[in-house]
Every structure is written in C-alpha cells, then in structure tokens.
Amino acid sequence: MTTKKLFLFFPKCETEKPIIYHLVKDFGLIINIFRAKVTPDEEGYLALDVTGEDANIEKGVEFLKTFGVNVDPFNKSLRWDASRCTHCGNCLTHCPTHALKVADRQTMRVAFIEELCIECLACVRNCPYGVCTSAF
C-alpha cells in the first residue's frame, strides 16, 4: 500500500459529479481529504491523501483526468515561497507540526518541511510578507 498526496482542481462543469466516490468504490482507494472547496457552478479544489496499490492509484488518476480534473504533482495547496521569506520567525510559533522551523541556528534561516505540513494555514494568516499562500 502506498499513500500519495494530491491536489485536485475541478472545472466547474464537473463539481456536482460523485467523482471521489468512484475512486473509493471502483479503484479500492482510501481517501483522506485535508481541505476542500467544491461548490456548484464554481471551480473546485481538493487537497487529499490517496492510499492504495500503486496501479490502482495510477488508474484513479487517469480516471480523474477523463473529467478534466487537473492533478497537481506538487502535492499540496499550500505554497511556501522561500525567495520572499525575510526569516523574521513570526510563523514558527503558529505552526503546530513544526513544518516551519529554524534550519540553521547561526543564520536563523527558516525552512519549510512539506512532509510535516497539515495545511492548517496558520502560516498564511500570520506571515506579514505573504510567503505562505494557499489555493483556498
């Protein structure tokens, strides 16, 4: 069993279809949705973990693409732009999983460890420089 993090973008014409249901039922995948914004007549976004056999995950991704769903390999809806970071450290106390941490105590440079991020978006709300952004 493998777990992959995916970020899905649904065109507005597909938001009312039970597409995720079919990933579970037809491909035997386990879906854990972290963040979602899917409403009728609008575009939709989902950040999720997909667990299953590699072949079934690949078949599920191909199934998604038949609906025009864009599957982002970047894995998360959260983006951290290191080039904008001033290393002020304001985000550090707000990150519950320590995905944002001091990478080097001498320079006090902040680093982002994507694997630890749970997309709580506390960094988005607390960064005065807009280093962290989200599609939601």
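Just from its helices, what would the mean residue ellipticity at 222 nm be for the chain, if runs of 4 or more DSSP H residues each count -39500 (n - 2.57) and the sum is divided by every residue, rounded to the nearest 500 deg cm²/dmol? It would help to have the intermediate numbers written out before the result.
Values: 3 runs with 26 residues, N = 136.
Mean residue ellipticity, 222 nm, calculated: -5500 deg cm²/dmol.
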Within the under-11-Å Cβ sphere about Y129, not counting Y129, Lys/Arg +1 and Asp/Glu -1 give a net charge of 0
Expected sort for C117, C91 with the fewest Cβ neighbours (10 Å cutoff) up front is C117, C91
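R0 = 25 Å: FRET efficiency of H98 with D72, Cβ-based, nearest 0.05? Can you show the working numbers first?
On the way: r = 24 Å, r/R0 = 0.98.
After rounding, the FRET efficiency stands at 0.55.
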Compute the distance in nm between two label points, each set 7 Å from the Cα along the Cα-to-Cβ direction, one at M1 and one at R105.
3.9 nm
Env charge @ D41, Cβ radius under 11 Å, K,R +1 / D,E -1, value -2
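Need one word for the stretch 1-91: rounded, prolate or oblate. Basis is the Cα gyration tensor (sqrt eigenvalues a ≥ b ≥ c); a/c below 1.5 gives rounded, then a/b vs b/c decides. Provide the component values of the computation, followed by the final result.
Working: a/c = 2.50, a/b = 1.52, b/c = 1.64.
In terms of gyration-tensor shape, oblate.
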Apply the Karplus curve 6.51 cos²θ - 1.76 cosθ + 1.60, θ = phi - 60°, to the phi angles in the stretch 34-41 and return the couplings in whole Hz, x for Gly and Pro.
8, 8, 8, 9, 9, 10, x, 6
C-alpha long axis of helix 54-65 to longest principal axis of the chain, angle in °
80 degrees
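Quick note: the coordinates plus some simple rules give every number you see, no bench work behind them. Worth saying up front: this structure is predicted, and the values here are computed from it rather than measured. Every residue, glycine among them, receives a Cβ derived from its backbone with ideal geometry; neighbour counts consider all protein chains shown.
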